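Contents: one structure, followed by commentary.
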Amino acid sequence: LFDVLVIGIIFAMVVRPIRIYEKNIRDAEPLELVGAKEFKTLAKTYNAIFEQDMVRRRTLEYKADHDKLTKLLNRSAFDEICKLLTDTERKIAILIMDIDNFKLINDRYGIEMGNRALKLIGKHLNELSSRYSIAKRYQGDVFSVLVPYEGDQSLLDYMDDLSTRLREDDEIPVSISL
């Protein structure tokens with residue numbers, strides 16, 4: 001009877017946690033806090049490292065997919081999403097815009113002011129983006145926005161809303177051409 005009890009305790013405190021941990025690791029999940037005290041300590045340490053790794057991965061994925069300056073999608077991420085959406089039956093439109101007189105802004109006020117203008121456009125495009133529209137910085141001062149096409153009026157409304165936001169923003173006077 002004593003042997004059965006010892007085997008049961010060993011199973012509950014050692015074998016079962018190892019099996020659970022093995023499954024957690026295989027499924028890329030944090031470890032459950034089970035088993036003997038030493039296993040729980042091991043699980044807590046592993047979970048702290050696991051969480052740090054997940055944060056690093058999310059950060060790297062974000063950096064790989066976004067323009068550093070504007071926080072918009074970069075070209076490759078945008079193109080990948082664009083391809084997925086064009087494979088559906090959803091009607092979409094791609095708007096292409098650039099900042100009016102951007103070279104003049106850079107030449108007259110400096111590159112830092114030009115960067116602020118780019119960030120401002122990125123901020124407003126991000127705010128206007130929904131689950132169904134995405135924006136990217138194409139290159140330099142050129143931006144692309146993929147929006148669902150629900151008719152010409154919806155495109156005009158989107159463009160008008162963006163132009164109004166930029167015109168009314170007190171940070172930098174900037175306009176765009178669509």
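The values are calculated or read from the model by the stated rules, or taken from the named source; none is laboratory data. Bear in mind the structure is a predicted one, so any value in this text is a computation, not a measurement. All Cβ positions, even for glycine, are placed from backbone atoms using ideal geometry, and neighbour counts span all protein chains on display. When the accessible area is computed, the model is the full protein with side chains, heavy atoms only, and any ligands, DNA or RNA have been set aside. Shrake-Rupley method; radii C 1.70, N 1.55, O 1.52, S 1.80 Å.
Yes/no per residue for (1) in contact (Cβ under 8 Å) with a residue 40 or more places away in the chain; (2) over 17 Å from F102 (Cα atoms); (3) charged (D, E, K, R):
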{"residue": "V142", "(1), (2), (3)": "yes, no, no"}
{"residue": "V145", "(1), (2), (3)": "yes, yes, no"}
{"residue": "P148", "(1), (2), (3)": "yes, yes, no"}
{"residue": "Y158", "(1), (2), (3)": "yes, yes, no"}
{"residue": "D170", "(1), (2), (3)": "no, yes, yes"}
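The rows are residues; the columns are (1) over 22 Å from the mean Cα position of the chain (by Cα); (2) more than 30 Å from G151 (Cα to Cα); (3) acidic (D, E).
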| residue | (1), (2), (3) |
| --- | --- |
| L1 | yes, yes, no |
| D27 | yes, yes, yes |
| A48 | yes, yes, no |
| Q52 | no, yes, no |
| R75 | no, no, no |
| T86 | no, no, no |
| R90 | yes, no, no |
| N115 | no, yes, no |
| L118 | no, no, no |
Review point. Identify, please: which residue in region 60-73 is of a type outside the set (K, R) and part of a helix (DSSP H, G or I) and is, among those, farthest from N126 (Cα to Cα)?
Key: L60
Study note, to complete from the structure: Going through region 55-91 in order, the residues found to be in contact (Cβ under 8 Å) with a residue 12 or more places away in the chain and of a type in the set (A, V, I, L, M, F, W, C) are A64, L69, L72, L73, A77, F78, I81, C82, L85
Revision key, fill the gap. All conditions in (1) more than 30 Å from F143 (Cα to Cα); (2) in contact with a strand residue (DSSP E or B) (Cβ under 7 Å, 6 or more places away or on another chain) are true of V4 except (2)
Check your understanding: So how many residues does region 8-59 have that are of a type in the set (A, V, I, L, M, F, W, C), assigned to a helix (DSSP H, G or I) and farther than 30 Å from K71 by Cβ?
Key -> 13
Revision key, fill the gap. Within region 141-166, the count of residues that are open to solvent by less than 70 Å² (accessible area, probe 1.4 Å), over 17 Å from S130 (Cβ atoms) and either charged (D, E, K, R) or in contact with a helix residue (DSSP H, G or I) (Cβ under 8 Å, 6 or more places away or on another chain) (or both) comes to 2
Check your understanding: When you look at A36, is it in contact with a His (Cβ under 9 Å, 6 or more places away or on another chain) and either open to solvent by 80 Å² or more (accessible area, probe 1.4 Å) or modelled with pLDDT under 95 (or both), yes or no?
Key -> no
Exercise for review: Kindly list the number of the only condition in (1) of a type in the set (A, V, I, L, M); (2) open to solvent by 40 Å² or more (accessible area, probe 1.4 Å); (3) without any contact (Cβ under 8 Å) to a residue 40 or more places away in the chain that fails for I94.
Suggested key: (3)
